[in-house]
There are 4 protein chains.
Amino acid sequence: MTITAKYHVNFFDTDTMGVTHHSNYIRWFEIGRVEFLRAIGIDLNAMMADGILFPITKIEAQYHSPSYFDDILAIDTTAVALTKAKMEFEYKIHRVDEEKILVTGFSQNVFTNKETGKITRLPEKYYSLMGNG
Amino acid sequence: MTITAKYHVNFFDTDTMGVTHHSNYIRWFEIGRVEFLRAIGIDLNAMMADGILFPITKIEAQYHSPSYFDDILAIDTTAVALTKAKMEFEYKIHRVDEEKILVTGFSQNVFTNKETGKITRLPEKYYSLMGNG
Amino acid sequence: MTITAKYHVNFFDTDTMGVTHHSNYIRWFEIGRVEFLRAIGIDLNAMMADGILFPITKIEAQYHSPSYFDDILAIDTTAVALTKAKMEFEYKIHRVDEEKILVTGFSQNVFTNKETGKITRLPEKYYSLMGNG
Amino acid sequence: MTITAKYHVNFFDTDTMGVTHHSNYIRWFEIGRVEFLRAIGIDLNAMMADGILFPITKIEAQYHSPSYFDDILAIDTTAVALTKAKMEFEYKIHRVDEEKILVTGFSQNVFTNKETGKITRLPEKYYSLMGNG
């Protein structure tokens, strides 16, 4: 399953070279990831209230072509792994009306216990939803 | 008393118009404010651990002249009011080696109870330090 | 005329106090402003290509109540002044499904010549569109 | 050669999970990279004025342990490749007074012609300085 989120590029996302600053795509991967999880029924506020955090442990991004102020981007997010130990996603970012891929990426989250900060296993009530992804 | 913090402007602080994005100066006011409070002996982590938060209630900024990538800025912070109810600061931002003021600003924080979210009075142990400012 | 833009609050918009960082609303005023100008037919890329920039000269914000991760916000933008010399807007931010105002604000832009950096008058072709706002 | 830059973590760098947002380290890699280039005599403003841009083509980051508001971080930057076609750097981020590594990373920039947007070769006057790194 691939979930597509949209993002309209703002002035504050660009830099003095006239293009979107590369760090912002990492933030937009997060928009894609949260949207994906929402689509399969996972509410991250509920998960946090249950004492489970999901820190990022790895990020990779490849930048193929720039985007600009006022571009409307599509963030295509696909799950690579959704286990009780980790979530891994792949991302493809392109303009909504173009197939050409601008940025590709990968992220890995693990699950931790909010109190102890230690690695934890995802409870069944959330894990069962992962099957939707 | 005026406390001066320094900030080196990064690519990610600029925008496609070639200058620092105006929203970033609001963040740099915070750098100035935190540095000011540190200088008078106030540790914001300790204050948060004591259950006191200090949300911003007002911001004002006047932009006179732009800054650019690689500029080294001075953020001059002065206290206007430091009471048990609020903190108010004024800011002047200029290049470290120039008197010309680029941005001026004002901020107001109030104190709130972390648990209730309600307005609270600053405890004496912090208030007594405010006299240093 | 009031134009409403929407924004879904992300993790990266919040801070360690658990709420949206105050500097981000200043960025969301920009989202509102750009959306307003688009609604009356003004394309900022075209304006920049015509050698006209529109730097911010004043910002004011009053923070009444916090927003949180995953809130969906409405940014209501109204023009206060749209002349050949400046644009002034007022903003009201609230959750899309609530009337309670979280943040109010004001901004002023002036028009400058991209080459000289000096204040300029907005050309008629853009000014005539301002009447729509 | 390793060049170390410092960064004091701000409220606006943290998120609602109480730690530094992972996207910010990507920005701090840039602080490390610019500082490294400055140390070997490369002025990026001069390079841009000469019509050479240096877009990021790859980013990787591994997150081992969190940082928090008010931490003072060291960004250790080492060059992996400095050729006429690309720059590659590795990063290690730790607290200034601790050896424990919080975040490691990698970046690749290529050189492009500002006018054409095409890949270009770094001119000798800049390449000769690369030997210092």
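Each value in this text was obtained by applying a stated rule to the coordinates, not by laboratory testing. These numbers were taken from a predicted model, which means no experiment stands behind them. Positions of Cβ are generated from backbone atoms using ideal geometry, with glycine treated the same way; all protein chains shown enter the neighbour counts.
If one takes the longest principal axis of the Cα atoms in chain C, at what angle in degrees, from 0 to 90 and to the nearest 10, does the Cα axis of helix C:22-39 lie? It is inclined by approximately 50 degrees. In this rough spin-label picture, where each label sits 7 Å from Cα along the Cβ direction, the B:LYS84-C:PHE106 distance is 3.3 nm. Put the Cα centre of the stretch D:10-75 next to the Cα centre of the stretch C:17-80 and the gap is 26 Å. Per-residue shielding of A:59-67, expressed as the average number of other chain Cβ atoms within 10 Å of the residue Cβ, stands at 5.
Available extension along the chain between D:GLU35 and D:GLU124 is 30.0 nm, counting 0.36 nm per residue and deducting the alpha carbon span.
Other residues within the sphere of radius under 10 Å centred on the Cβ of C:SER67, judged by their own Cβ, net out at -2 (K and R +1, D and E -1).
Projected onto the charge dipole of chain C (+1 at Lys/Arg Cβ, -1 at Asp/Glu Cβ, origin at the Cα centre), which of C:TYR127, C:VAL19, C:ILE3 gives the Cα projection farthest towards the positive end? Positive-most Cα among the choices belongs to C:TYR127.
Per residue, the protein assembly as shown reaches -7000 deg cm²/dmol at 222 nm when only DSSP H runs of four or more residues are counted, each adding -39500 (n - 2.57). Remark on the stretch A:52-121: ratio of C-alpha radius of gyration to 2.2 N^0.38 Å is 1.38. In this simple spin-label approximation, A:MET48 and A:TYR68 carry label points 7 Å from Cα along the Cα→Cβ vector, and these lie 3.7 nm apart.
Compute the signed sum of charges (Lys and Arg +1, Asp and Glu -1) over the other residues within less than 12 Å, Cβ to Cβ, of A:TYR91.
-3
Roughly how large, in nm² to one decimal, is the mean projection of the convex hull of the alpha-carbon atoms in the stretch A:18-79? Its Cα hull, projected and averaged over all orientations, spans 5.4 nm². Distances from D:GLU115 to itself in the other copies, using label points 7 Å out along the Cα-Cβ axis, amount to 1.8, 6.7, 6.9 nm in increasing order. If Lys and Arg each add +1 and Asp and Glu each add -1, what is the summed charge of the other residues whose beta carbon sits under 13 Å from the beta carbon of D:HIS21? Value of the local net charge: -3. Taken over the protein assembly as shown, the alpha-carbon convex hull comes to 155 cubic angstrom per residue.
Just so you know, the Rg over Rh for the stretch A:2-130 is 1.02, from Cα atoms, with Rh as the Kirkwood radius. Taking trypsin sites (Lys or Arg not before Pro) as exposed when their DSSP state is a loop state and no more than 15 other Cβ atoms lie within 10 Å, the longest site-free interval of chain B runs over B:1-83. Note on B:ASP43, D:ASP13, B:ASP76: ascending count of other Cβ atoms within 10 Å places them as B:ASP43, B:ASP76, D:ASP13, the fewest first.
Of all aspartates and glutamates in the structure, those lying under 17 Å Cα to Cα from B:LYS92, and not within fewer than 8 positions of it along the same chain, are B:GLU30, B:GLU35, B:GLU60, B:ASP71, B:ASP76, C:GLU60.
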